[in-house]
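The values are calculated or read from the model by the stated rules, or taken from the named source; none is laboratory data. Everything quoted here is computed from the prediction, not taken from an experiment. Please note: Cβ atoms are built from the backbone with ideal geometry, for glycine as well, and neighbour counts cover all protein chains shown. SASA here: full protein model, heavy atoms, side chains in, ligands and nucleic acids out. Shrake-Rupley method; radii C 1.70, N 1.55, O 1.52, S 1.80 Å.
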Amino acid sequence: MKSLLNKYKSFILYGVFGFLTTVVNILTYYFSSHIIKIPILVSTVIAWIVSVLFAYFTNRKWVFILN
């Protein structure tokens, strides 16, 4: 079981952080459009930028680790 987890570690982490990126996108959009009352198009752009940055840094640090 442990060897199987080690074999697919990057794939599993990519899926987990992909899910978290989606959560960050939705929460950022909700916060900016419903709480701060920014227009929908601007909220969408902000949410996209924040989620792409989140995905970039988490994937760089946790998923695609070069040995």
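In the context of the full set of protein chains, the chain has a per residue accessible area of 83 Å² (1.4 Å probe). What number, rounded to the nearest 500 deg cm²/dmol, is the helix-based mean residue ellipticity at 222 nm of the chain, given -39500 (n - 2.57) per DSSP H run of at least four residues and division by all its residues? Rounded to the nearest 500, the figure is -23000 deg cm²/dmol. Within the accessible area of the chain, the carbon and sulfur atoms contribute 75%, probe 1.4 Å, all protein chains present. Placing a label point 7 Å from the Cα of LEU20 along the Cα-to-Cβ direction, the residues of the stretch 36-60 with a backbone N closer than 16 Å are 50-60. Compared with the dominant principal axis of the Cα atoms in the chain, helix 40-58 is inclined by about 20°.
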